[in-house]
Amino acid sequence: MGGLKINTDGSSSLKNLFGAGEVCGGVHGANRLGGNALADTQVFGKISGESASNAAKTTELKTNEEQVLKEASRIESIIKKGTIKPQEFKNKIKSLMWEKVAIVRDEETLNEALKELLEMQKELETLDVGSQKQYNSDLVTALEVINMVEICILVVKSAIIRRESRGAHFRSDFPESKDEWKKSIVLNKNKIEFEAR
Ligand SMILES: Cc1cc2nc3c(=O)[nH]c(=O)nc-3n(C[C@H](O)[C@H](O)[C@H](O)COP(=O)(O)OP(=O)(O)OC[C@H]3O[C@@H](n4cnc5c(N)ncnc54)[C@H](O)[C@@H]3O)c2cc1C
């Protein structure tokens, strides 16, 4: 079950970013027993929450003005007249992932999905986001879909790389589990690594 890679204290490779629950990968191995997700949220919620609290006590809080301005201008650039509403775009991503990246997948459909997602990444420029100041749900959804496309690309790339079946990942073209694949795929922005389990 994929997701953000965390250490046993809930920390990640990005300083002061902690994770718990559904967003994290590796806690359950290739699949999880029914009911274990609830236990995961409680166990890692406590561990990561305490770690984050301890980190906050020892971290000097200072605002990086430049970073704030950069993020503000990124968000402002998303607000513009376009041709597709963010909610419609979100539905498109969900349908694609359901149709081509469900539990049973194969190389051909995964490659098709990757191609479509890379196209979609370019189409993000055409999002139609209104400029209202109060409760701009277009903007909230737009920010979400930008992240969704990126995460989906990582999910599909990992599924293409793993040429075997294991847990909730069933490759109809590689239906067996293979010993050589007893490892995790760790995707970074610039590199792919394999980690023994
Ligand atoms: C249909 C279904 C059935 C399930 N059945 C079971 C079961 O029987 N037993 C079991 O143990 N588990 C079950 N699970 C899994 C379990 O529900 C989840 O693992 C668990 O709810 C995850 O909790 P979470 O707090 O980690 O994440 P979530 O519940 O997904 O919470 C994340 C929250 O963050 C918010 N958020 C996202 N992005 C941002 C942002 N940028 N800024 C601010 N907020 C943000 C979201 O709106 C959401 O409220 C089921 C899941 C599904 C979908």
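Just one of Asn147, Asn136 is within 16 Å of the ligand (Cβ to nearest atom) and farther than 29 Å from Ser13 by Cβ; which is it?
Going through Asn147, Asn136 in turn, just one is within 16 Å of the ligand (Cβ to nearest atom) and farther than 29 Å from Ser13 by Cβ: Asn136.
How about the range 155-197: which of its residues are of a type in the set (S, T, N, Q) and touching an Asp or Glu at 6+ places or on another chain (Cβ under 6 Å)? Give the derivation first.
If we filter the range 155-197 for residues that are of a type in the set (S, T, N, Q), which is where we start, we get 158, 165, 172, 177, 184, 188, 190.
Those that are of a type in the set (S, T, N, Q) and touching an Asp or Glu at 6+ places or on another chain (Cβ under 6 Å): Ser172, Ser177, Ser184.
Given the conditions (1) surrounded by fewer than 18 Cβ atoms within 10 Å (Cβ to Cβ); (2) closer than 20 Å to Glu71 by Cα, report the number of the one that Ser177 does not fulfil.
(2)
Out of (1) of a type outside the set (S, T, N, Q); (2) within 16 Å of the ligand (Cβ to nearest atom); (3) assigned by TED's automatic domain parsing to the domain that holds Ala159, what's the single condition that is false for Cys24?
It fails just one condition, (3).
Suppose we filter Leu38, Leu17, Leu4, Leu33 for residues that are within 15 Å of the ligand (Cβ to nearest atom) and surrounded by fewer than 10 Cβ atoms within 10 Å (Cβ to Cβ); which single one remains?
On inspection, the qualifying residue turns out to be Leu33.
Among the candidates Ile75, Ile47, single out the residue that is within 16 Å of the ligand (Cβ to nearest atom), in contact (Cβ under 8 Å) with a residue 60 or more places away in the chain and part of a helix (DSSP H, G or I).
Being within 16 Å of the ligand (Cβ to nearest atom), in contact (Cβ under 8 Å) with a residue 60 or more places away in the chain and part of a helix (DSSP H, G or I) holds for just one of Ile75, Ile47, which is Ile75.
Sort out which residues of the range 82-113 are closer than 18 Å to Gly2 by Cα and in a strand (DSSP E or B), and write them in order of number.
Within the range 82-113, Val104, Arg105 meet the criteria.
Of Thr109, Thr58, which residue is in contact with an Asp or Glu (Cβ under 9 Å, 6 or more places away or on another chain), of a type in the set (S, T, N, Q) and either without any contact (Cβ under 8 Å) to a residue 24 or more places away in the chain or not assigned by TED's automatic domain parsing to the domain that holds Ala168 (or both)?
Thr109
Answer yes if at least one residue in the range 52-59 is of a type in the set (Lys, Arg), more than 10 Å from the ligand (Cβ to nearest atom) and assigned to a helix (DSSP H, G or I), and no otherwise.
Yes, the conditions are met somewhere in the range 52-59.
The values are calculated or read from the model by the stated rules, or taken from the named source; none is laboratory data. All values reported here derive from a predicted model rather than from experimental measurement. Ideal geometry is used to build each Cβ from the backbone, glycine not excepted, and the neighbour counts take in all protein chains shown.
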